[in-house]
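J.: Have a look at this one before I ask anything.
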Ligand code: RIB
């Protein structure tokens with residue numbers, strides 16, 4: 001049977017403005033370009049996994065508006081099982097105004113809208129389908145109580161959980177997330193979670209070890225252009241970066257996690273899955289947008305061959 005990934009999380013519509021610089025307070029400034037596309041950390045991770053051929057179940061809430069309808073259409077186009085994605089009457093869809101500068105770096109605002117209405121009871125309602133999942137992906141753009149409830153349910157039913165603690169919040173209780181098998185923060189999120197510096201590789205490792213001591217199974221710290229760091233009770237392994245020219249880094253962390261999940265549920269090989277995730281995320285930053293930047297399986301295969309041509313190839 002095909003391995004299945006369950007994503008209990010957010011969806012947004014990304015409103016992406018390319019800027020030369022951010023306007024000052026009170027200033028009106030012309031910007032060179034604008035685009036709309038599907039986003040949200042949960043939906044992005046689901047989309048990356050689905051584009052790579054994974055079987056994905058999504059549990060989410062959309063708005064009672066045009067963006068909500070468009071989000072449902074996008075899930076259908078990606079082949080994601082969206083039977084547990086419902087519209088919340090009288091509520092707007094989640095939206096994310098994103099500003100991307102000439103270096104490809106981004107600033108993101110989120111208006112959670114319907115995502116704030118994904119409640120613990122909605123997880124319970126999805127249980128018959130969640131029971132068929134081999135891995136659950138969670139992020140923090142839905143109510144924390146829902147995240148805690150999903151972790152508790154997964155723990156009681158022996159379902160592995162990957163938690164991406166993004167966006168970071170000091171309100172997250174380390175005790176309530178101690179049962180997660182795999183935590184995947186970036187350096188900023190790791191620092192906020194632990195109250196420790198995480199700017200260098202050795203600082204990130206020390207902060208990750210602090211989380212292992214609190215009960216978490218394994219920690220993968222994404223290091224942006226510097227790759228990623230796997231920290232377990234028995235090893236520290238640096239996932240090497242893939243050098244590319246970044247055009248837009250928005251959603252790169254989601255590309256990494258979705259690709260990791262797609263590979264990991266199929267092959268159960270942590271190191272190989274992290275290597276694939278690093279390649280997939282690197283490819284995603286060479287194109288604009290979040291989900292719109294994520295490669296299909298064929299595009300990704302071609303990119304991997306360019307990075308490491310088989311012996312004897314030109
Ligand atoms: O991680 C990138 C995502 O963060 C964007 O797609 C935006 O919607 C916000 O959720």
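J.: Provide the FRET efficiency to the nearest 0.05 for the residue 36-residue 121 pair, computing r from the beta carbons and using R0 = 51 Å.
T.: 0.95
J.: Using Cα pairs closer than 8 Å and at least 6 residues apart in sequence, work out the relative contact order for the range 97-226, in percent.
T.: Across the range 97-226, relative contact order equals 18 percent.
J.: Separate question: Evaluate the relative contact order of the chain (contact order divided by residue number), counting alpha-carbon pairs under 8 angstrom at least 6 apart; express in whole percent. It would help to have the intermediate numbers written out before the result.
T.: Details: 704 pairs, mean separation 55.5, N = 314.
Value for the chain: 18 percent.
J.: List 51, 159 from most exposed to least, where exposure is judged by having the fewest other Cβ atoms within 10 Å.
T.: Numbers: 51 23, 159 18.
Fewest to most other Cβ atoms nearby, the residues stand as 159, 51.
J.: Along the Cα-to-Cβ line of residue 266, 7 Å from the Cα, sits a label point; which residues in the range 1-43 have backbone N less than 13 Å from it?
T.: Hits in the range 1-43 for residue 266 at 13 Å: 2-5.
J.: Moving to a separate point now. Using alpha-carbon positions, what is the distance between the centroids of the range 79-137 and the range 244-311, in Å?
T.: Between the Cα centre of the range 79-137 and that of the range 244-311, the gap is 22 Å.
J.: Report the full-extension gain for the segment residue 102 to residue 70: residue separation times 0.36 nm, less the Cα-Cα distance, to one decimal in nm. If you can, show how the numbers build up before the last one.
T.: On the way: separation 32, 0.36 × 32 = 11.52 nm, distance 2.88 nm.
Length gained, residue 102 through residue 70: 8.6 nm.
J.: Further question: Based on the alpha carbon coordinates of the range 111-211, what radius of gyration and maximum Cα-Cα distance (Dmax) apply, in Å?
T.: Here Rg and the maximum Cα pair distance are 14.2, 43 Å.
J.: Sticking with this one: Which FRET efficiency, nearest 0.05, do residue 201 and residue 158 yield, Cβ-Cβ r, R0 41 Å? Provide the component values of the computation, followed by the final result.
T.: Numbers: r = 33 Å, r/R0 = 0.81.
FRET efficiency, residue 201 to residue 158: 0.80.
J.: Another question, if that's okay. Stretch residue 168-residue 308 to full length: gain in nm at 0.36 nm per residue minus the Cα-Cα span? Don't skip to the answer; put the middle values down first.
T.: Details: separation 140, 0.36 × 140 = 50.40 nm, distance 3.49 nm.
So the chain would gain 46.9 nm between residue 168 and residue 308.
J.: For the range 219-251, list residues with backbone N below 15 Å from a point placed 7 Å from the Cα of residue 286 toward its Cβ?
T.: Residues passing the 15 Å test: 242-249.
J.: Sort 189, 205, 125 by Cβ crowding within 10 Å, fewest neighbours at the top.
T.: 125, 205, 189
J.: Here is a further query. Quick one: order 57, 144 by neighbouring beta-carbon count within 10 Å, fewest to most. Provide the component values of the computation, followed by the final result.
T.: Working: 57 22, 144 14.
Ordered from fewest to most neighbouring Cβ atoms within 10 Å, 57, 144 come out as 144, 57.
J.: Mean residue ellipticity at 222 nm from the helices of the chain, using -39,500 (n - 2.57) per DSSP H segment of n ≥ 4 over the full residue count, to the nearest 500 deg cm²/dmol? Intermediate values should be presented prior to the final figure.
T.: On the way: 9 runs with 111 residues, N = 314.
Value at 222 nm, helices only, nearest 500: -11000 deg cm²/dmol.
J.: If you don't mind, another one. P(r) for the chain: what percent of alpha-carbon pairs falls in each 10 Å bin, starting at zero?
T.: With a bin width of 10 Å, the distribution comes to 6, 28, 37, 23, 6, 1, 0.
J.: Okay, moving on. With a 10 Å cut-off between alpha carbons and a GNM built on the chain, which of 278, 191, 250 moves the most?
T.: Among 278, 191, 250, the largest mean-square fluctuation in the Gaussian network model of the chain belongs to 191.
Every number here is computed from the coordinates shown, using simple stated rules; none is lab data. Owing to the predicted nature of the structure, the values given are computational and were not obtained by experimental measurement. All Cβ positions, glycine included, derive from the backbone under ideal geometry; neighbour counts span all protein chains shown.
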